[in-house]
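Below: one structure, written as structure tokens.
The values are calculated or read from the model by the stated rules, or taken from the named source; none is laboratory data. Small disclaimer: the values here were computed from a predicted structure and weren't measured. Reconstructed Cβ throughout: ideal geometry from the backbone, glycine too, with neighbour counts over all protein chains shown. Areas reflect the complete protein model, heavy atoms only, side chains present, ligands, DNA and RNA absent. Shrake-Rupley method; radii C 1.70, N 1.55, O 1.52, S 1.80 Å.
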Number of protein chains: 2
Amino acid sequence: MGDRLNDLLARLHTADDLDRAAAVLGWDQMTYMPPEGNAGRGDQLATLATLWHREFTSPAIGELLDALETEYKDRPADDPKRALLHVTRRQYEKKTKLPESLVAEMQRASAEAYKAWVAARAEKRFSLFAPAFGRILQLNRDAAEAFGYAEEPYDALIDDAEPGLTASRAQQLLDALKQALLPLVQQIAEHRERVDRSMLIGEYPHEAQWQAGIDAATAFGFDFARGRQDVSIHPFTTSFGVDDVRITTHINPGFFPSGFYSTLHEAGHGMYEQGLPAEWARTPLGQAISGGVHESQSRLWENVVGRSHEFWEYFLPTAKRYFPTQLGHADVETMYRAVNYSEPSLVRVDADEVTYNLHIAVRFEIERALMQGNLTPQDVPDAWAQKMQTYLGIRPHDDLVGALQDIHWTGGFGSFIGYSIGNIVSGQLWQAASRDLGDLPDMIRRGEFAPLLGWLRTNLHQLGRTYSTDQMLRRATGGPLDAAPYIDYVQRKYRAIYGL
Amino acid sequence: MGDRLNDLLARLHTADDLDRAAAVLGWDQMTYMPPEGNAGRGDQLATLATLWHREFTSPAIGELLDALETEYKDRPADDPKRALLHVTRRQYEKKTKLPESLVAEMQRASAEAYKAWVAARAEKRFSLFAPAFGRILQLNRDAAEAFGYAEEPYDALIDDAEPGLTASRAQQLLDALKQALLPLVQQIAEHRERVDRSMLIGEYPHEAQWQAGIDAATAFGFDFARGRQDVSIHPFTTSFGVDDVRITTHINPGFFPSGFYSTLHEAGHGMYEQGLPAEWARTPLGQAISGGVHESQSRLWENVVGRSHEFWEYFLPTAKRYFPTQLGHADVETMYRAVNYSEPSLVRVDADEVTYNLHIAVRFEIERALMQGNLTPQDVPDAWAQKMQTYLGIRPHDDLVGALQDIHWTGGFGSFIGYSIGNIVSGQLWQAASRDLGDLPDMIRRGEFAPLLGWLRTNLHQLGRTYSTDQMLRRATGGPLDAAPYIDYVQRKYRAIYGL
């Protein structure tokens, strides 16, 4: 019944168009919207979310799924049409459990929380954000109850962001990372003087930083005819379709890596979005597998590629053109070591590969405690300080570099774990791509990024959501989610840099 | 029955949010969207238009209107709630006549026509745009049939843009303008040497032009906390709500008035949008009366104020700061005469106050002939050339400065007449404001624009659509739509400048 499938597709297209329209409004909100526009924008986003929910959860879609699942039941599980039914069903079941009023209320609360977050940041006081944040927490609890869960409410949110993952399995993965990384942090701290990054600090003009980032992102393969970069407080990527992917960056004119690596990071996200299957555009099948898998692409391009010795063999001459006085005398080895300087720091987005996952552990464990009712919003700054002390040996001197640093809590919970999943997956994919492609480091040295991007297109991007995270990893790497390759990569790299 | 009214309001809010969301997408399309984003954006806009249509034309709104009209029938006609019912009813009747499929098709065709228009402009050939334009024409004919009309199909489109106006009445207004202005054009042409605008041509850096425009718009009263300016090919204003109004400009680095007066023009539009009644936001009552009345605000601030002798007495010192070499030696009189230089020219947006309405006559008469079937899309360039010859004595050397110059035909017909209505209304409002406020020119000389803006707020902006164009004019000026004040204003001004 091609008609039934077309009917389903038309309905999914309508819903997706609403979602992408909301993405445009969200992008504008973070980039260009004037200060007073927030209230109206909140109304509009709430309406789009409500209508999306109404379209996507319409009983007609449920009936079409019922009929089509029967019709396609003998096809292999990775037949695209059957995969479409599978991912649509999963999302349909999730979303039909959320009442329309809750969806609208979450959008409205999120717009208000964003406003409160901006105001609280200006005063550097989490307490000003706490009431709006408490509302977000309550609505997330309501959502978890509506979704249902096996062990604890937080599971429902984790599973929403990372299909199949639970809070306890996520905690195990974080524990594995902590076990390997805490000693490494300690050892590096004892030999911090072995890496000097002072040349990255100083006057790095905005425009030259901007252009250097654009050059690197273009070389990687981000297509600026099908996307663009703008400025926002907190860098992000959003997609209005495979042919219109927006990345943003935030440039610090006194510190080169901040904006440059934000651009490479978001370009990694952006190339995933640009590589999704156009033939399944505007459907759940034409989307990324999960936030964590998305993060694997940003971390792979930002860190595994962009912070490699070979990348700087390729890119240093270009960087010297943009920064002749700042980097004119730099050699590749010094640059490589400088951009991999590791130090416990307060701000996640500026964290290095060794400390990054510990920042995630702080947030994940706080979210989990909040969801379990073992922590209240006003106690978050204290909990934050204690965990930072335990994992990284430092405490934030104010909330701006503490619990107010991330935009995520203006929306909801469950997404931070994706960053660690991303690191883990980036290690696995890099290992497999190296195995398949031959001398990948040498390609990077020559500025040949197309083979790696092509491998990622074939093994991940173009498949959309045909496979789950574990299935995709089995096909591409031979095994399921596994932290070992990432831990091995980080340990080797940093032991060499710091001579441990 | 407050509940019924609240139910109606909630439905109108939902529809308006969809409309404003579409406005955000449209704004992005014209300002920042990457080249390949067009197809996806067309899909999204089509979906938003379809859903807007579905929401706004839902039978529930019809039933609520029926019930509420009975309930409020004894209130005075300008009671806001009764006015809300009146304007909502008018729009409801209009829109229920348009099938949802036609709405979606018009959106899609419009996105395609925009693409074709950009491509045709690159080649300067209208023929490349003609097929997409023919589709627009056909869909406009379909819309006219769906709306219904008394005399000719074009009436339906005119009435949609300018409630109550017909093609024949519009033609009469244009004929009155032509009768007064054609001789003036002729007389000025014989004394062209009496005004020298050469100092406005030359190197006017983008950034300084941008800032000069922002300064003037700010002085007028455009609120940049509730709006912003960006760059687009064709300047426009769009509103996402009273607290988020976007204007754009297009700067010509070799000719100062182009970008500067675009900014003042759009700021005039923008201040109308920022002044609409917040308590009726997200409803048809909280909107501008018509495109023509909207244009009265842009023309009033751009021309009647911005091209006055008194404005330059106020603003020239600022302009000299931005352009010390270009304008350092200019005096007010020379500047005033230069910005009012009148000459038959090919491009509408650069036309002066004497020739502007003749450009409108060209377009209006071509649209009318197309709608009547007396002209085909491929014959538009010839018709254009002939009319330009008759009214202005010049012919376009290519279509870029001919029939391809305006973006409007990528959308539909009926809106151009609004520019002439705008000029006419600006003359009436200026006359009445001068009567009410005392020495308005002297206020402008001192940079005091608040009294004029306040008068416009009270007599127009804050009323939303409580009154029709004629009703609003009767209240504010004492009489209905009348071309005489504008004709008198233009004749006096230009006879003095050119010593006629």
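Gap in Å between the Cα centre of the stretch A:181-200 and the Cα centre of the stretch A:1-75? Cα centres, the stretch A:1-75 to the stretch A:181-200: 47 Å.
Among residues other than B:GLU295 with Cβ under 15 Å from its Cβ, the summed charge is -3 (Lys and Arg +1, Asp and Glu -1).
With its label point put 7 Å out from Cα toward Cβ, B:SER101 sits 3.9 nm from the same residue's point in the other copies, in order from shortest. Surface calculation, 1.4 Å probe, protein heavy atoms: B:ARG54 sits at approximately 100 Å² accessible.
Once divided by 2.2 N^0.38 Å, the Cα radius of gyration of the stretch B:338-413 becomes 1.08. Per residue of A:75-81, other chain Cβ atoms within 10 Å of the residue Cβ number 0 on average. In terms of its alpha-carbon gyration tensor, the stretch A:130-250 comes out oblate; a/c meets the 1.5 threshold, while b/c is at least as large as a/b.
Annotation: the antiparallel percentage among DSSP beta bridges lying fully within the stretch B:167-498 is about 45. Extent along the principal axes, Cα only, for the protein assembly as shown: 91, 67, 53 Å, with the longest axis given first. Model label points for A:ARG169 and B:LYS97, set 7 angstrom from Cα along the Cα-to-Cβ axis, are 6.0 nm apart. Taking Rh as the Kirkwood radius computed over C-alpha pairs, what is the Stokes-Einstein D of the stretch B:454-500 at 25 °C in a medium of viscosity 0.890 mPa s, expressed in µm² per second? Taking Rh from Cα pairs, D becomes 199 µm²/s. So for the protein assembly as shown: antiparallel DSSP bridges make up what percent, rounded to the nearest 5? Percentage antiparallel, nearest 5: 45. Distances between equivalent label points of B:GLN471 across the copies, with each point positioned 7 Å along Cα→Cβ, amount to 6.2 nm, shortest listed first. Here B:LYS124 and A:PHE224 are evaluated by their C-beta separation; at R0 = 35 Å the FRET efficiency comes out at 0.85. Each distinct pair of alpha carbons in chain A adds a 1/r term; the inverse of their mean, the Kirkwood radius, is 23.5 Å.
Highest mean packing first, where packing is the average number of other Cβ atoms within 10 Å per residue, the peptides A:390-401, A:304-315, B:220-231, B:297-308 line up as B:297-308, A:304-315, B:220-231, A:390-401. Determine, at each q value in 0.15, 0.23, 0.28 (inverse angstroms), the log₁₀ of I(q)/I(0) that the Debye formula gives when each Cα of the stretch A:103-153 is one equal point scatterer. Debye curve over Cα of the stretch A:103-153, log10 I(q)/I(0) at q = 0.15, 0.23, 0.28 Å⁻¹: -0.46, -0.79, -0.96.
Based on Cα contacts under 8 Å between residues 6+ apart, chain B shows a relative contact order of 19 percent. Shape of the stretch B:14-150 from the C-alpha gyration tensor: prolate (a/c of 1.5 or more and a/b above b/c, with a ≥ b ≥ c the square roots of its eigenvalues). Averaged over the residues of B:42-48, the number of partner chain Cβ atoms lying within 10 Å of the residue Cβ comes to 6.
For the stretch A:335-472, the fraction of C-alpha pairs more than 19 angstrom apart is 62%. Taking every residue in A:26-38 and counting other chain Cβ atoms within 10 Å of its Cβ, the average works out to 6.
In order along the stretch A:140-149, phi translates into HN-Hα couplings of 5, 4, 4, 5, 4, 5, 5, 5, x, 6 Hz, rounded to whole numbers, per the Karplus curve 6.51 cos²θ - 1.76 cosθ + 1.60 with θ = phi - 60° and x for Gly and Pro. The packing ranking of peptides A:101-107, B:181-187, highest mean first, is A:101-107, B:181-187, where packing means the average number of other beta carbon atoms within 10 angstrom of each residue.
In this rough spin-label picture, where each label sits 7 Å from Cα along the Cβ direction, the A:GLN179-B:ALA189 distance is 9.1 nm. With label points set 7 Å from Cα along Cα→Cβ, the inter-copy distances at B:SER198 are 6.0 nm, sorted shortest first.
Maximal additional length on extending the A:ASP215-A:ALA369 stretch stands at 51.2 nm, based on 0.36 nm per residue less the C-alpha distance.
The overall shape of the stretch B:14-56, judged from the alpha-carbon gyration tensor, is oblate: a/c is not under 1.5, and a/b is no greater than b/c. Our estimate of slack between A:ARG492 and A:GLN462, defined as 0.36 nm per intervening residue step minus the Cα-Cα distance, is 7.6 nm.
Sequentially through the stretch B:399-412, phi angles give Karplus couplings (6.51, -1.76, 1.60; θ = phi - 60°) of 6, 4, 9, x, 6, 9, 6, 9, 6, 4, 6, 7, x, x Hz, Gly and Pro residues having no value and appearing as x.
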